[in-house]
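Working notes, structure below.
Since every read-out is calculated from the coordinates, none of them should be taken as a lab result. Remember, predicted model here, so these are calculated numbers, not experimental data. Note: ideal-geometry Cβ built from the backbone for every residue, glycine included; neighbour counts use all protein chains shown.
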Ligand code: SF4
């Protein structure tokens, strides 16, 4: 595996609970990296030898502002190129956005800001605009990421990292629970490839606050708090991995066939089938299909009403 990027899910917490969120971000989620966790992860990233980009994302990483800034400084100090992904909730006006962003000037090479109906329409649009204007003043490269509505047919699904501009919604995580009713359905047998990740050589992986290294959100390669990332990468054999192997051999449909899973009438897209198949397989592969946060299991702190 030739890893070029490592994406740190600084926290599973978010100020919002967007319907399209892959990682079920919400105010009630558990799991946030400490400075010590970030330091360990960055040193492991350096030891891999091929990683040049570190991204900080979540959840919403600006919720833990001093820790985010500390992490960004450490990553820049280790000569990584650094990116941050945010919903820009903090950009209440231009002057304030400048205050939030000024410490990052010269340290980050990409600030990706979400702007779409899922993030709260008009207010989110204004916040993205203030963040964009402040980033321009400070010379911080900024990209706006937009996810299309489930009914939209024109937007293409992104492969790997979400690019600037509009991408189609992928029905995994909370989107698999909240958005599928609005999408057209197709037979499970149609989904014979994974269209959105290069599972053989992903280029970038995510690491969460518990140390899990994710090939796609909720498909785990190992835990870098137990096994160094360099070893996890060296030992990853995509064809024999119990989840990646079938996905490579015949997409989510092959997961269903290989493990004899029950299917429904139709699915919104490959990710929808994949996500539901993996949910059904969690008991069988508890170390590979984890943590609960990625599968919408309510946190203890979540209100029940
Ligand atoms: S098909 Fe599965 S592995 Fe591929 S991007 Fe979708 S959820 Fe991830």
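Per-peptide packing, taken as the mean over residues of other Cβ atoms within 10 Å, places 288-297, 189-198 in the sequence 288-297, 189-198 from highest down. Starting from the Cα gyration tensor of the chain, take the square roots of the eigenvalues, sort them a ≥ b ≥ c, and report rounded, prolate or oblate (rounded when a/c is under 1.5, otherwise prolate if a/b is larger than b/c, else oblate). Oblate, since a/c reaches 1.5 and b/c is not below a/b. Per residue, the average separation of C-alpha pairs within less than 8 Å and at least 6 apart gives segment 1-74 a relative contact order of 45 percent. Based on the Stokes-Einstein relation at 25 °C and a viscosity of 0.890 mPa s, and on the Kirkwood radius from alpha carbon pairs, segment 229-305 is assigned a translational diffusion coefficient of 175 µm²/s.
Its relative contact order, with pairs defined as Cα atoms under 8 Å and 6+ residues apart, puts the chain at 21 percent. The ranking of 28, 188, 53 by Cβ neighbour count inside 10 Å, starting from the fewest, reads 28, 53, 188.
Spatial offset of segment 63-121 relative to segment 238-273 amounts to 36 Å, using the alpha carbon center of each. Judged by the mean number of other Cβ atoms found within 10 Å, the most tightly packed of the peptides 270-281, 254-265 leads the ranking 270-281, 254-265. The Cα atoms of segment 23-133 define a convex hull whose projected area, averaged across directions, is 7.3 nm². Applying 1/(1 + (r/R0)^6) with R0 = 41 Å to the Cβ-Cβ distance of residue 39 and residue 265 gives a FRET efficiency near 0.25.
Taking a point 7 Å out from the Cα of residue 105 in the direction of its Cβ, the residues of segment 126-146 whose backbone N falls within less than 18 Å of it are 130-143.
With both residues required to sit in the chain, DSSP beta bridges show an antiparallel share near 25%. Each of 224, 69, 229 was scored by other Cβ atoms within 10 Å of its Cβ. Listed from fewest to most, they are 69, 224, 229. Only helices enter this figure: runs of n ≥ 4 DSSP H residues, each worth -39500 (n - 2.57), summed and divided by the residues of the chain, yield -9500 deg cm²/dmol at 222 nm to the nearest 500.
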